[in-house]
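So the structure is just underneath, and the comments pick up after that.
The values are calculated or read from the model by the stated rules, or taken from the named source; none is laboratory data. Here the structure is a predicted model, which is why all the values come from computation and not from measurement. Note that we place each Cβ from the backbone using ideal geometry, even for glycine, and neighbour counts take in every protein chain shown.
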Amino acid sequence: MIKEIKIYKGDIIFCESPDKFTTLENGYIITENNKIKETVQELPAEYSDIEILDFSENLIIPGFVDIHLHAPQFENLGLGYDNELLPWLENYTFPEEAKFSDTKYAEEIYKKFIKALYMHGTARSVVFSSLHLESTEILADLFLESGLGAYIGKVNMDRNSPSYLTENYKKSLEETEYFIKKYNKPDSMIKPIITPRFIPTCTPELMDGLSKLSEKYNVPVQSHLSENLSEIEWVKELHKEIETYAGVYDHYKMFGDRPTIMAHCIHNTDDEIKLMKEKGVFVAHCPTSNFNLSSGIAPIRKFLDNNVKVGIGTDIAGGHTISIPETIISAIHASKMYSVYADRTFHSLSISEAFFMATKGGGEFFGKVGSFEKDYEFDALIINDNELSGDSNKSIQERLEKYIYFGVKENIIKMFVSGKEINRDRF
Ligand code: GUN
Ligand code: FE
């Protein structure tokens, strides 16, 4: 195989661990066949003949990772937040998702959705589609065309939802299996993920069938967990025989038996948290959504202290923004208020901890993604922050802080995902 070496120069910043940033002023990232070979301060002599992609004076940061969002809710950003979760689903979300029975509508909205992702620097995402198979295939094909990385789930829901958005469980399983077989390819940038919407909308038969598919094709799982108090009460009523909400997913072997993401995780018991740690379940922390729908504040410090993996999710359209920097800010705000009003022993999240969750933390779900360490896939954003940083005496970390807090998507001038530049004029 021919070795293709590329060299990127600029002001590099990333998080290897949550507690601190690694920075290299005028540093170099050297990639071989789209993976990082080394990230260095001085260019080794062996590369002196190779042309440098020179982004001096710009920041080079890892592409963002969003581990929980709903593509067919893109048109609902900002709508209905006077409601809590259950009425919001009924009055806003379900009627909008029903429109995706129309493949023309799906194509139109999904193009806008993917464009919004790359304009905001989200390189990788873990996405809920709707229950409609054809529209989900359109979403997957558009992602493939875009060059972004994604896990995509056809939603499964066969009870407790409006008749216009309820499946027959056999058909739901058949369609899910078809989608898995079509898209579960070893080196593909997009992959299927099993997506029971949440326990209230999935019958035991459906859960059993999905669990078998997950095992048969070795496919990961995503769902929602303990987002809202009424939701939790409802799950208790539906499954009196099982102690906890997490226990219901676990009962069906969809709680860490394959890689698993659970969105929200606001009101979990200590036993549930222990189970998440033991089974390596990822928490998708969705603070904007949790504020909008009055769901609560997830105790992220507790997850981190218990070695539970945490990534960031925008959860659009529960979240009002697809921007990961804005969601990072919300995560920090949420934890600051938690430390004042809920538990004064909690240290609020630092900027590096929140940035870690939005890059390497969530990136772990994709493999070696979200950092500039050796062997990581080269996912990067080039950030022109000349007009943000004011005087030129700021450290690279301070420049990143300014970009996160009041930068805009226009500061992102280029994006690379797995070593390839994304054409941001597409769609
Ligand atoms: N729980 C079940 N479905 C949904 C959804 O679409 N959004 C959110 N935030 N929570 C859910
Ligand atoms: Fe969600």
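Some notes on this structure:
- Candidate set from the range 374-427 (those that are among the charged types (D, E, K, R), more than 16 Å from GLY63 (Cβ to Cβ) and surrounded by 13 or more Cβ atoms within 10 Å (Cβ to Cβ)); member that is modelled with the lowest pLDDT: ARG426
- ASN268 fulfils the conditions (1) more than 28 Å from SER371 (Cα to Cα); (2) under 20 Å from the mean Cα position of the chain (by Cα); (3) crowded, with 24+ Cβ neighbours inside 10 Å except for a single criterion, (2).
- PHE291 vs. criteria touching a Lys or Arg at 6+ places or on another chain (Cβ under 8 Å), within 16 Å of ligand 2 (Cβ to nearest atom) and either modelled with pLDDT under 95 or of a type outside the set (S, T, N, Q) (or both): no
- Within the range 39-63, being in a strand (DSSP E or B) and touching an Asp or Glu at 6+ places or on another chain (Cβ under 9 Å) holds for THR39, PHE55, SER56, GLU57, ASN58, LEU59, ILE60, PRO62.
- Residues in the range 313-365 that are crowded, with 20+ Cβ neighbours inside 10 Å, more than 16 Å from ligand 2 (Cβ to nearest atom) and among the aromatic types (Phe, Trp, Tyr): TYR338, PHE355, PHE356.
- Members of the range 218-259 found to be part of a strand (DSSP E or B) and either within 14 Å of ligand 1 (Cβ to nearest atom) or surrounded by fewer than 24 Cβ atoms within 10 Å (Cβ to Cβ) (or both), listed by number: GLN222, SER223, HIS224, LEU225
- Selection of the range 279-329 for residues being in a helix (DSSP H, G or I) and within 14 Å of ligand 1 (Cβ to nearest atom) yields PRO287, THR288, SER289, ASN290, PHE291, ASN292, THR327.
- In the range 22-74, residue farthest from the chain's Cα centre (by Cα) [restricted to those that are hydroxyl-bearing (Ser, Thr, Tyr) and crowded, with 20+ Cβ neighbours inside 10 Å]: TYR28
- Selection of the range 220-249 for residues being away from ligand 2 (no atom under 15 Å from the Cβ) and hydrophobic (A, V, I, L, M, F, W, C) yields LEU229, ILE232, TRP234, VAL235, LEU238, ILE242, ALA246, VAL248.
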